[in-house]
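Asks: Before anything else, here's the structure in question.
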Amino acid sequence: MSALDKGDLRHVLRRERRERVAALTPARREAAGAALASAVLGFVPPDAGPATVAVYESLPDEPPTGELVRRLVEAGHTVLVPVTLDDWSLDWTPARVGTVADRATTSRTTRQQAAEGLTLLGPDTLARCDLVVVPALAVDADGSRLGQGGGCYDRALAHRDPAAPVVALVHDGELSPTPLPREPHDVPVDGWVTTTGEVGRASSAGG
């Protein structure tokens with residue numbers, strides 16, 4: 001699979017993801033959200049007080065993040081979600097409990113929605129985050145991440161605190177057994193969580 005270029009590989013992975021998600025029952029999707037939430041909470045330092053966590057808003061085919069946001073907020077953490085700007089860069093806004101799951105059935109937050117009442121915190125907001133949760137079509141053991149191709153997160157992650165772990169969420173079966181293509185601008189992740197709650201840490205991240 002890794003012999004394909006990024007465009008062809010994305011085409012294959014999107015098809016496989018559509019098939020995988022089509023087979024999910026509502027109960028299994030709910031269980032996936034709970035498993036993801038429990039596993040990701042393990043990346044939040046337990047004794048450091050309230051954390052600031054950036055979390056993507058899931059689209060229907062993506063690993064669901066609504067339950068994760070709910071649990072983070074209930075635990076007293078600050079949760080930030082992305083706002084996609086016209087140039088495909090990301091700004092950030094505080095999550096509003098109950099809205100992430102609703103928007104997950106439609107689309108991500110856009111600047112037009114932000115103009116209707118959301119507070120924009122600036123593209124450099126990731127510098128103040130303790131954990132960053134990102135979407136991925138696939139990840140490999142070295143932390144290479146294949147996204148949708150817009151480059152939003154590679155650009156956004158240039159602002160993050162290097163000490164803050166970056167964790168990708170993938171469906172079970174989307175951990176690549178072979179190295180994924182990585183270009184100089186691609187930002188690797190430090191770990192990943194699957195929809196069955198499996199946690200992995202990139203070999204390049206150490207520890």
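Asks: Give me the percent of the accessible area of the chain that comes from carbon and sulfur atoms, probe 1.4 Å, all protein chains in place. Mind dumping the intermediate values first?
Replies: Working: 5180 of 9680 Å².
So the carbon and sulfur contribution to the accessible surface is 54 percent.
Asks: For the chain, what is the accessible area per residue in Å² when the probe is 1.4 Å?
Replies: 47
Asks: Follow-up. Give, in nm to one decimal, the length gained when the segment between residue 31 and residue 203 is fully stretched (0.36 nm per residue of separation minus the Cα-Cα distance).
Replies: On the way: separation 172, 0.36 × 172 = 61.92 nm, distance 2.80 nm.
Full extension of this stretch gives 59.1 nm more.
Asks: Please give the calculated 222 nm ellipticity per residue for the chain, where each DSSP H segment of at least 4 residues contributes -39500 (n - 2.57) and the sum is spread over every residue; nearest 500 deg cm²/dmol?
Replies: Values: 6 runs with 57 residues, N = 207.
One gets -8000 deg cm²/dmol as the mean residue ellipticity at 222 nm.
Asks: Which value, in debye to the nearest 20, gives the size of the charge dipole of region 6-201 about its Cα centre, when Lys and Arg are +1 and Asp and Glu are -1 at the Cβ?
Replies: Details: 21 positive and 27 negative charges, 68 e Å.
With Lys and Arg at +1 and Asp and Glu at -1, about 320 debye.
Asks: Right, something else. Take the Cα pairs of region 6-201, get the Kirkwood Rh, then feed it into Stokes-Einstein at 37 °C and 0.692 mPa s and tell me D in µm²/s. Don't skip to the answer; put the middle values down first.
Replies: Numbers: Rh = 16.7 Å.
Rounded, D is 196 µm²/s.
The values are calculated or read from the model by the stated rules, or taken from the named source; none is laboratory data. Fair warning: this is a prediction, and the values are worked out from it, not measured in the lab. Every residue, glycine among them, receives a Cβ derived from its backbone with ideal geometry; neighbour counts consider all protein chains shown. Only protein heavy atoms, including side chains, enter the accessible area calculation; ligands, DNA and RNA are left aside. Shrake-Rupley method; radii C 1.70, N 1.55, O 1.52, S 1.80 Å.
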